[in-house]
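Colleague: Okay, here's the structure, questions in a sec.
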Amino acid sequence: MPNYTREDFLKLDENDPLAAFRDEFELPEDLIYLDGNSLGAMPKSAKARALDVVEREWGQDLITSWNKNGWFHLTEKLGNKIASLIGAASGEVLACDATGLNLYKLLSMALDLREGRKVIVMEGSNFPTDNYMTQGLIKQRGQGHEIRFAEIDQIIDAITEDVAVVSLTQVHYKTGHLLDMKAITEKAHAVGALVIWDLCHSAGALPIDLNKCDVDFAVGCGYKYLNGGPGAPAFIFVAKRHQGTAAQPLTGWWSHAAPFAFERDYRPSGTIWQSLTGTQPILSLSVLECGLDVMMRADMADLRQKSITLCDYFIELVESECGKYGFELATPRNGEARGSQVSFRHDYGYAIMQALIADKVIGDFRAPNIVRFGFTPLYVRYVDVWDAVARLKKIMKYDLWKNAKYNQLTAVT
Ligand SMILES: *Cc1c(COP(=O)(O)O)cnc(C)c1O
């Protein structure tokens, strides 16, 4: 590695204003974890919190916990914390359900608000669940809606007067490409359409200002950069101006104006609570809060700066040390144009990633040929970049990835 030494990277860690955060996460000593974009690491505080919820709140306080320990309002309390991370106001966000489910609710609301228009603009290579949920909803409604799939650089032109909703993911899950939320939202509004932004790969990874961009609706994931734990509840954002104007279709009792009045007929809440359906997973919400509390103490500008620098170094080192082994950059080279991940295309990406994981560098593989590395600035160190590339180089130089055991497909890649 011609221009740097490992000591240079240790030096960067010494001067890193975020360095102390690493110690707040449980991470095996010799592991380099570059998959926080798929499952964030565990905040150490989550362990004690989980135990407390189980032993004291559930075990001792039982049903009284809904009031006494704040269970009933947890989804709203966490929503307000998430709101502060994504440029939303208090009362505009709830932590609840799964991303796909929240997307379904919002899309249905948005289509109701744009009756008569039939086109939904999406990006075809988006994470599949966004497409699948939309296709399922269209079929169910049976009103002749259609999806207009646009390539990333044709999205603006695809937003025409017949569009009801523009539904996009801000940071592409495979390539890390960052879309221009402000420009796209402006174009959508200019033709009278609404926007839904999926923040799965951007919430907690970079500064987001939903209200400054005048966004209508948004969803996002709790278990990626927010470090909320496996299968953590997702979140849902409804701009104040849309609350009470349209009903989401899953009108369960928690979305009712007075859940504990137990009335026979449905009356919508009219607030952000209307986006709920029913009882929420308290254990999962409780540990999600631990991830949010750590994140809220970090400066988002510091996070973004470190994220860009980590990714820049990783790209530079992989290209200089492993370029001749056939890696092709799939991520925008310009740091401002990407999220917090770096992806390369390689024909043997799957086996290479398996060999890397065996050598304690965890990233992941996305079919057909993408090796993906997430850089979570809260706990990834600069020296990890150096060490990860050194191990990758060894695997390529000595053809270690050709071992048959790295070429057997597993269920989760
Ligand atoms: C991770 C991710 C999801 C996850 O959806 P779930 O319903 O939580 O399984 C959805 N959309 C995008 C863009 C994602 O990256």
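Colleague: How large is Rg over Rh for the chain, taking Rg from the Cα atoms and Rh as the Kirkwood inverse mean of 1/r across Cα pairs?
Modeller: Values: Rg = 22.2 Å, Rh = 22.4 Å.
Ratio of gyration radius to Kirkwood radius for the chain: 0.99.
Colleague: Given q = 0.17 Å⁻¹, what are the Debye log10 I(q)/I(0) values for region 1-160, with equal point scatterers placed on the Cα positions and solvent ignored?
Modeller: -1.17
Colleague: Could you work out how much longer the chain between R333 and E115 gets when fully extended? Use 0.36 nm per residue separation minus the Cα distance between them, nm to one decimal.
Modeller: Gain on extension, R333 to E115, equals 74.4 nm.
Colleague: Run the reach check for K360 against aspartates and glutamates, Cα to Cα strictly under 18 Å, same-chain hits fewer than 8 apart removed. What comes back?
Modeller: E26, E29, D30, D35, D384, D387, D399
Colleague: Determine the alpha carbon to alpha carbon distance for each of K174/K402; K224/K306; K105/K182; K81/K187; K174/K397 and list only those over 20 Å.
Modeller: Too far apart for the 20 Å limit: K174/K402; K105/K182; K81/K187; K174/K397.
Colleague: Separate question: Given a cut-off of 19 Å, what percent of all Cα-Cα pairs of region 15-110 lie beyond it?
Modeller: 65
Colleague: Using every alpha carbon pair in region 298-356, what percent of pairs falls into each 5 Å bin from 0 up to the bin containing the largest distance?
Modeller: Reading the bins upward from 0: 4, 17, 25, 23, 15, 9, 5, 2.
Colleague: Which cysteines in the chain lack any other cysteine whose Cβ sits under 4.7 Å from their own Cβ?
Modeller: When partners are defined as cysteine Cβ atoms under 4.7 Å apart, the chain leaves C96, C213, C290, C311, C322 without one.
Colleague: Quick one: Karplus J couplings for region 114-119, per residue in order, coefficients 6.51, -1.76, 1.60, θ = phi - 60°, nearest Hz, x for Gly and Pro?
Modeller: Listing the rounded values in order: 10, 4, x, 8, 10, 9 Hz.
Colleague: If you don't mind, another one. Place the peptides 21-28, 376-383 in order of packing, highest mean first, counting for every residue the other Cβ atoms within 10 Å and averaging per peptide.
Modeller: 376-383, 21-28
Colleague: Taking Cα centroids, how far is region 311-359 from region 366-411 in Å?
Modeller: Cα centres, region 311-359 to region 366-411: 8 Å.
Colleague: What is the percent carbon and sulfur in the accessible area of the chain, measuring with a 1.4 Å probe over the protein chains and ignoring ligands?
Modeller: Details: 9400 of 17350 Å².
It is 54 percent, rounded to a whole number.
Colleague: Hey, can you grab everything whose amide H is under 5 Å from the amide H of Q341? Only 5+ residues off in sequence or another chain; H modelled, so Pro and N-termini drop out.
Modeller: Answer set, sorted by chain and number: F375.
Colleague: Quote the accessible area belonging to C290 in square angstrom, nearest 10, computed with a 1.4 Å probe and with ligands, DNA and RNA left uncounted.
Modeller: Only protein atoms counted, so the area is about 10 Å².
Colleague: Oh, and also: Report for the chain the percent antiparallel among DSSP-assigned beta bridges with both residues inside it, nearest 5.
Modeller: 55
Colleague: Right, something else. Can you check what the Kirkwood hydrodynamic radius comes to for region 315-409, Cα pairs only, in Å to one decimal?
Modeller: About 13.5 Å for region 315-409.
Colleague: Applying the Karplus parametrisation 6.51 cos²θ - 1.76 cosθ + 1.60 with θ = phi - 60° to the phi angles of region 332-347, what ³J(HN,Hα) value in whole Hz is obtained for each residue in order, glycine and proline being reported as x?
Modeller: After applying 6.51 cos²θ - 1.76 cosθ + 1.60, I find x, 6, 6, x, 5, 9, 9, x, 10, 9, 10, 10, 10, 8, 7, 4 Hz.
Colleague: Can you tell me the accessible area per residue over the chain, all protein chains present, probe 1.4 angstrom, in square angstrom?
Modeller: Working: 17350 Å² over 413 residues.
Each residue of the chain exposes 42 Å² on average to a 1.4 Å probe.
Colleague: Give the long-range amide H neighbours of L94: residues separated by 5 or more places, or on another chain, with amide H under 5 Å away, using H modelled in the peptide plane at 1.01 Å from N.
Modeller: Amide H neighbours of L94: I236.
Colleague: Kindly work out what percent of the DSSP beta bridges joining two residues of region 113-184 are antiparallel, to the nearest 5.
Modeller: Here the antiparallel bridges make up roughly 10 percent for region 113-184.
Colleague: Still on this structure: Need the full-extension length gain, T5 to D153, defined as separation in residues times 0.36 nm minus the C-alpha distance. One decimal, nm. Write down the numbers at each step before the final one.
Modeller: Numbers: separation 148, 0.36 × 148 = 53.28 nm, distance 3.86 nm.
Taking T5 through D153 to full extension adds about 49.4 nm, to one decimal.
Colleague: Mind giving me the FRET efficiency for H73 and R297? R0 is 35 Å, r the Cβ-Cβ distance, nearest 0.05 is fine.
Modeller: Here the calculated transfer efficiency is 0.95.
Colleague: Could you go through region 140-153 in sequence order and give the Karplus-derived ³J(HN,Hα) for each residue, using 6.51 cos²θ - 1.76 cosθ + 1.60 with θ = phi - 60°, rounded to whole Hz, and x for Gly and Pro?
Modeller: So the Karplus estimates, Gly and Pro as x, are 5, 5, x, 10, x, 5, 9, 8, 9, 7, 10, 6, 3, 7 Hz.
Colleague: Can you tell me the order of 352-358, 257-263 when each peptide is scored by its average per-residue count of other Cβ atoms within 10 angstrom, highest first?
Modeller: Values: 352-358: 22.1, 257-263: 11.1.
Answer by packing, highest mean first, reads 352-358, 257-263.
Colleague: Starting from the exponent 0.38 and prefactor 2.2 Å, build the expected Rg for region 78-231 from its residue count and divide its actual Cα Rg by it. Working shown, then result.
Modeller: Numbers: Rg = 14.5 Å, N = 154, 2.2 N^0.38 = 14.9 Å.
Region 78-231 yields a ratio of 0.97.
Colleague: A follow-up question, please. Please work out the Cα center distance from region 246-290 to region 52-113, rounded to the nearest Å.
Modeller: 9
Colleague: If amide hydrogens are placed 1.01 Å from N in the peptide plane, which non-local residues have theirs closer than 5 Å to the one on G220?
Modeller: Long-range HN contacts for G220: L199, F235.
Colleague: Taking 41 Å as R0, compute the FRET efficiency from the Cβ-Cβ separation of L27 and L62 and round it to 0.05.
Modeller: 0.70
The values are calculated or read from the model by the stated rules, or taken from the named source; none is laboratory data. Note that the structure is predicted; figures quoted are calculated from it, not measured. Note: ideal-geometry Cβ built from the backbone for every residue, glycine included; neighbour counts use all protein chains shown. Accessible surface is based on the protein model in full, side chains and every heavy atom, while ligands, DNA and RNA are left aside. Shrake-Rupley method; radii C 1.70, N 1.55, O 1.52, S 1.80 Å.
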